[in-house]
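The values are calculated or read from the model by the stated rules, or taken from the named source; none is laboratory data. Bear in mind that the values here come from a model prediction, so they are computed numbers and not experimental data. Note that we place each Cβ from the backbone using ideal geometry, even for glycine, and neighbour counts take in every protein chain shown. Just the protein is used for accessible areas: all its heavy atoms, side chains included, with ligands, DNA and RNA removed. Shrake-Rupley method; radii C 1.70, N 1.55, O 1.52, S 1.80 Å.
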Amino acid sequence: MKCPVCQKGKMEKKKDIMEQDGIEFESYKCSECGEEIMNMKQLKVLASKYRKLRNAKDITFAKWGNSIAVRIPSDIADEYNISAGKHGTLTKDKEGIKIIPTS
Ligand SMILES: [Zn+2]
């Protein structure tokens, strides 16, 4: 594949990493001008990695009396207006547990 920008270089497949997120991705880079291009498949893979990153947060379970407590990160607590003493419902789901704040 020839470079569509400079028409001189050869597009070579390479792996790189998004520095701010640490996400690995694959693209084609021109050997002459350095232009980087992704095909649809490469874009889809990258987009799905970002979606996962956005939706998933690591949490730690802790023991609280006979129960297990979950620590909710403060940015999520703020976003959903969750604070100590408020209520919510806990629903069992196919993939896990869903928490819905109710007050
Ligand atoms: Zn080029």
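For region 15-30, what are the residues that are open to solvent by less than 80 Å² (accessible area, probe 1.4 Å) and either at pLDDT 95 or above or under 14 Å from the mean Cα position of the chain (by Cα) (or both)? Show your work before the answer.
Residues of region 15-30 open to solvent by less than 80 Å² (accessible area, probe 1.4 Å): 16, 18, 21-23, 25-30.
Answer for region 15-30, where residues must be open to solvent by less than 80 Å² (accessible area, probe 1.4 Å) and either at pLDDT 95 or above or under 14 Å from the mean Cα position of the chain (by Cα) (or both): M18, D21, G22, I23, F25, E26, S27, Y28, K29, C30.
Restricting to region 72-94, name every residue that is more than 18 Å from R54 (Cα to Cα), of a type outside the set (S, T, N, Q) and either within 20 Å of the chain's Cα centre (by Cα) or part of a strand (DSSP E or B) (or both). Spell out the reasoning first.
Our first condition is that a residue be more than 18 Å from R54 (Cα to Cα); within region 72-94, this holds for 81-94.
After this cut, where a residue has to be of a type outside the set (S, T, N, Q) as well, the list is 82, 84-88, 90, 92-94.
G88, L90, K92 - these are the residues of region 72-94 that are more than 18 Å from R54 (Cα to Cα), of a type outside the set (S, T, N, Q) and either within 20 Å of the chain's Cα centre (by Cα) or part of a strand (DSSP E or B) (or both).
Test of understanding: among K41, K52, which residue is open to solvent by 100 Å² or more (accessible area, probe 1.4 Å), modelled with pLDDT under 95 and more than 16 Å from the ligand (Cβ to nearest atom)? It would help to see each step written out before you state the result.
On the way: K41 fails: modelled with pLDDT under 95.
Only one candidate qualifies: K52.
Which number in (1) exposed (fewer than 10 other Cβ atoms within 10 Å of the Cβ); (2) under 27 Å from I23 (Cα atoms) marks the one condition that A77 misses?
Looking at each condition in turn, A77 falls short on (1).
Mind listing whichever residues of region 1-26 are within 16 Å of the ligand (Cβ to nearest atom), closer than 17 Å to M40 by Cα and part of a strand (DSSP E or B)?
Once the filter is applied, which keeps residues that are within 16 Å of the ligand (Cβ to nearest atom), closer than 17 Å to M40 by Cα and part of a strand (DSSP E or B), region 1-26 yields M11, E12, K13, K14.
I'm trying to understand the selection: among the residues of region 59-74, which are modelled with pLDDT under 90 and open to solvent by less than 60 Å² (accessible area, probe 1.4 Å)?
P73 - this is the single residue of region 59-74 that is modelled with pLDDT under 90 and open to solvent by less than 60 Å² (accessible area, probe 1.4 Å).
Pairs only if they're at least six apart or on different chains, beta carbon under 8 angstrom, first in region 4-15 and more than 10 Å from C30 (Cβ to Cβ), second open to solvent by less than 100 Å² (accessible area, probe 1.4 Å) and within 11 Å of the ligand (Cβ to nearest atom); list them, first residue then second.
K13/Y28; K14/Y28; K14/K29
For region 27-39, give me the residue count where each residue is aliphatic (A, V, I, L, M) and not in a strand (DSSP E or B).
Going through region 27-39 one residue at a time, the tally reaches 1.
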